[in-house]
Structure formats: structure tokens, C-alpha cells
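A.B. asks: Please find one structure pasted underneath; my questions will follow.
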Amino acid sequence: TGYDLIVGPKGSDLQLVLSSVYRIQPPIENLPYMYLSQLKKDRRVTTAIPLAFGDVTEQGAFPIVGTTSEYFEHEYAHGQSFRIRGKRMNGLFDAIIGAEVARLNQWDTGS
């Protein structure tokens, strides 16, 4: 999957992987931001990228994932990188819409 370590709250290890990597289980609660800050300061950690789950879109009930632009800069599987049309996320309120969500809602770049 391209992940060496997944950090999450107490609960089922399997559910953590299924919800955060494969998005096929309900998400476990999110960790407080201070844990991300601690991981980023740890010299053993090369990359720490936050993922926050829980909300869905009003139309179609698509999952909303909170993250940073760094998420899209890494391969999600060996040799597989995200392909993004338009601008990359760089502001606090920027968003990236998945291809399936855009197609079903008839949205295009910039809409």
C-alpha cells in the first residue's frame, strides 16, 4: 500500500487499516493534532501525513477526507501517483474532488 506505519486511536488494528487505507469500514475517531506534531518532530519519522474522516457530502454521501497537500505528493501504491487536473491544494480551504465524485455530479475543473 505504500505505508510503513499507520497511527490511529485505540481500537481494532484491522478496522484502522480498512478505514484509513481502503475506505471500506467506518472510521475510528480522529487523533488530536498534537500527535501529528510529535510524529513530525521524531527523527525516525520521514513523513507524517494527517487523515481525518467522518463527514460525507450532501449529494451522494461521498466520504470527505481532511488532509494536507503532502498526501497527494506520495505514491499511494508502488509506481502509482495521484493525477491531478487543475491547481494543487495550497490554501486552508482548498479541496480536491475525486474523479468519480466529479463525474457523477457533472463537475469539471474549477466548478
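Every read-out reported here was derived from the displayed coordinates using simple, explicitly stated rules and does not represent laboratory data. Nothing here was measured: the structure is a model prediction, and the numbers come from that model. FYI the Cβ positions are ideal-geometry reconstructions off the backbone, even for glycines, and counts take in every protein chain you see.
A.B. asks: I want to confirm something. Restricting to the range 1-58 and keeping residues that are in contact with a strand residue (DSSP E or B) (Cβ under 6 Å, 6 or more places away or on another chain) and among the aliphatic types (A, V, I, L, M), which single residue is nearest to Ala102 (Cα to Cα)?
C.D. replies: Val56
A.B. asks: Another question, if that's okay. Only one residue in Gly60, Gly98, Gly91 is on the phi > 0 side of the Ramachandran plot, surrounded by fewer than 13 Cβ atoms within 10 Å (Cβ to Cβ) and either in contact with a His (Cβ under 7 Å, 6 or more places away or on another chain) or of a type outside the set (D, E, K, R) (or both), so which one is that?
C.D. replies: Only one candidate qualifies: Gly60.
A.B. asks: Hey, Val17 hits all of (1) under 18 Å from Ala77 (Cα atoms); (2) in contact with a helix residue (DSSP H, G or I) (Cβ under 9 Å, 6 or more places away or on another chain) but one; which does it fall short on?
C.D. replies: All conditions pass for Val17, except number (2).
A.B. asks: Could you figure out which of (1) free of Cβ contacts under 8 Å to residues at least 60 places away in the same chain; (2) assigned to a loop (DSSP other than H, G, I, E, B); (3) among the acidic types (Asp, Glu) isn't true of Glu70?
C.D. replies: Failing condition for Glu70: (2).
A.B. asks: Hey, any hits in the range 9-25 for a residue that's β-branched (Val, Ile, Thr), loosely packed, with under 10 Cβ neighbours inside 10 Å and within 26 Å of Asn105 (Cα to Cα)?
C.D. replies: Of the residues in the range 9-25, the ones β-branched (Val, Ile, Thr) are 17, 21, 24.
After this cut, where a residue has to be loosely packed, with under 10 Cβ neighbours inside 10 Å as well, the list is 24.
Now narrow it down to the ones that are within 26 Å of Asn105 (Cα to Cα): 24.
Looking through the range 9-25, at least one residue is β-branched (Val, Ile, Thr), loosely packed, with under 10 Cβ neighbours inside 10 Å and within 26 Å of Asn105 (Cα to Cα).
A.B. asks: Continuing with this model, one more query. Can you give me the number of residues within the range 26-46 that are surrounded by 13 or more Cβ atoms within 10 Å (Cβ to Cβ) and assigned to a loop (DSSP other than H, G, I, E, B)?
C.D. replies: 5
A.B. asks: Report every pair of residues separated by at least 6 positions or lying on different chains whose Cβ atoms are under 9 Å apart, first residue within the range 74-93 and under 22 Å from Tyr22 (Cβ atoms), second acidic (Asp, Glu) and surrounded by 11 or more Cβ atoms within 10 Å (Cβ to Cβ).
C.D. replies: Taking only residues 6 or more apart or on different chains, the pairs are Ser81/Glu73; Ser81/Glu75; Phe82/Glu73; Phe82/Glu75.
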